[in-house]
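The block underneath contains the structure these notes are about, expressed in structure tokens.
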């Protein structure tokens, strides 16, 4: 299904180029030379940035999991080794 916010002039048959970088609070994101070499000279690009969620989110998830496991009934321990 196409998202309704996509312009019809964008080609849905796109390839992806993936790289990782460090963010330093700048308003622009530099592209590595090897990524630039893969880009076409003209056309459209769809940009999606995936960034790490804060450590507080990871800490919350770990705490929630630990609490969930703490409340686990001892009779359910048989399922702990189930694969």
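Each row is one residue, and each column tells you yes or no for (1) in a helix (DSSP H, G or I); (2) exposed (fewer than 10 other Cβ atoms within 10 Å of the Cβ); (3) modelled with pLDDT of 85 or more; (4) touching a strand residue (DSSP E or B) at 6+ places or on another chain (Cβ under 6 Å).
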residue: 6; (1), (2), (3), (4): no, no, no, no
residue: 12; (1), (2), (3), (4): no, yes, no, no
residue: 40; (1), (2), (3), (4): no, yes, yes, no
residue: 76; (1), (2), (3), (4): yes, yes, no, no
With respect to residue 18, determine if the residue is modelled with pLDDT of 90 or more and within 19 Å of the chain's Cα centre (by Cα).
yes
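If you go through the range 49-57 one residue at a time, do you hit one that is farther than 19 Å from residue 21 by Cα and either part of a loop (DSSP other than H, G, I, E, B) or out of contact with any helix residue (DSSP H, G or I) (no Cβ under 9 Å at 6 or more places or on another chain) (or both)? Please lay out each step first, then the result.
Initial filter on the range 49-57 (farther than 19 Å from residue 21 by Cα): 56-57.
Subset that is either part of a loop (DSSP other than H, G, I, E, B) or out of contact with any helix residue (DSSP H, G or I) (no Cβ under 9 Å at 6 or more places or on another chain) (or both): 56-57.
Looking for residues that are farther than 19 Å from residue 21 by Cα and either part of a loop (DSSP other than H, G, I, E, B) or out of contact with any helix residue (DSSP H, G or I) (no Cβ under 9 Å at 6 or more places or on another chain) (or both), one finds at least one in the range 49-57, hence yes.
The values are calculated or read from the model by the stated rules, or taken from the named source; none is laboratory data. Here the structure is a predicted model, which means the values were calculated and not measured. Don't worry about glycine lacking a Cβ; one is built from the backbone with ideal geometry, like all the others, and counts go over all protein chains shown.
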